[in-house]
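These notes concern the structure reproduced below.
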Amino acid sequence: MKQALILAARARDHDDVPIGAVIVRDGKIIARGENQVQLKQNPTLHAEIVAINRACKKLGVKFLDDCDIYVSLEPCAMCATAISFARIKNVYFAASDEKGGGITSNARIYETDKHLWKPSVHHMPEYADESAHMLRAFFRARRTKA
């Protein structure tokens, strides 16, 4: 999770919402991603999507069923669905997202019986404050600029 938070800071540094993700296989990081929505002007380039694309490319596979993903913020519905489509085994996240969360806070997409792949979900509250503080500071600065 520490690596995901470092990536979140990197996203913040290029004026993207500070969210980072890492994909781990057999205890080793195989892919990293940070939000690149602003950087590349593409609304789908969330940290999780970037990390999933990199992991699939690196491993030469379309399914990551022996991998886990660590994310600094609860994935949105789009990213939670991508995680499911990639068949990632476990999702670990730091801060909950009451407005945009797709797993436990808002959309709760894995709670439907029709979802094809349901990863195990793990909240890591010991990292929640660090992630939430970075997000609040980012949006406070953005409002100040406006």
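Could you look through segment 6-16, keep only residues that are in contact with a helix residue (DSSP H, G or I) (Cβ under 9 Å, 6 or more places away or on another chain) and surrounded by fewer than 20 Cβ atoms within 10 Å (Cβ to Cβ), and pick out the one that is nearest to residue 133 (Cα to Cα)?
9
Every residue, every condition in (1) open to solvent by less than 20 Å² (accessible area, probe 1.4 Å); (2) over 23 Å from residue 95 (Cα atoms); (3) touching an Asp or Glu at 6+ places or on another chain (Cβ under 9 Å), yes or no:
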{"residue": "20", "(1), (2), (3)": "yes, no, yes"}
{"residue": "41", "(1), (2), (3)": "no, yes, no"}
{"residue": "52", "(1), (2), (3)": "yes, no, no"}
{"residue": "61", "(1), (2), (3)": "no, yes, no"}
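How many residues, within segment 63-89, are open to solvent by less than 20 Å² (accessible area, probe 1.4 Å), over 16 Å from residue 5 (Cβ atoms), in contact with a strand residue (DSSP E or B) (Cβ under 7 Å, 6 or more places away or on another chain) and of a type outside the set (Val, Ile, Thr)?
2
Could you list all residues from segment 95-118 that are over 14 Å from the mean Cα position of the chain (by Cα) and open to solvent by less than 40 Å² (accessible area, probe 1.4 Å)?
Within segment 95-118, 105, 109, 110, 115 meet the criteria.
Could you grab me the full set of residues in segment 131-146 that are surrounded by fewer than 16 Cβ atoms within 10 Å (Cβ to Cβ) and either modelled with pLDDT of 90 or more or under 16 Å from residue 11 (Cβ atoms) (or both)?
Of everything in segment 131-146, those that are surrounded by fewer than 16 Cβ atoms within 10 Å (Cβ to Cβ) and either modelled with pLDDT of 90 or more or under 16 Å from residue 11 (Cβ atoms) (or both) turn out to be 133, 136, 137, 139, 140, 141, 142, 143, 144.
Being among the small types (Gly, Ala, Ser) and touching a Lys or Arg at 6+ places or on another chain (Cβ under 7 Å) narrows it down to one of 33, 100, so name that one.
Among 33, 100, only 33 is among the small types (Gly, Ala, Ser) and touching a Lys or Arg at 6+ places or on another chain (Cβ under 7 Å).
Taking residue 12 and the conditions (1) outside any helix (DSSP H, G or I); (2) within 15 Å of the chain's Cα centre (by Cα); (3) of a type outside the set (A, V, I, L, M, F, W, C); (4) closer than 20 Å to residue 137 by Cβ, which numbered condition does it fall short on, given that it satisfies the others?
Evaluating residue 12 over (1) outside any helix (DSSP H, G or I); (2) within 15 Å of the chain's Cα centre (by Cα); (3) of a type outside the set (A, V, I, L, M, F, W, C); (4) closer than 20 Å to residue 137 by Cβ leaves (1) as the failure.
The values are calculated or read from the model by the stated rules, or taken from the named source; none is laboratory data. No experiment lies behind these values; they were computed from the predicted model shown. Backbone-built Cβ (ideal geometry, glycine too); neighbour counts: all protein chains shown. Surface accessibility is based on the protein's heavy atoms, side chains included, excluding ligands, DNA and RNA. Shrake-Rupley method; radii C 1.70, N 1.55, O 1.52, S 1.80 Å.
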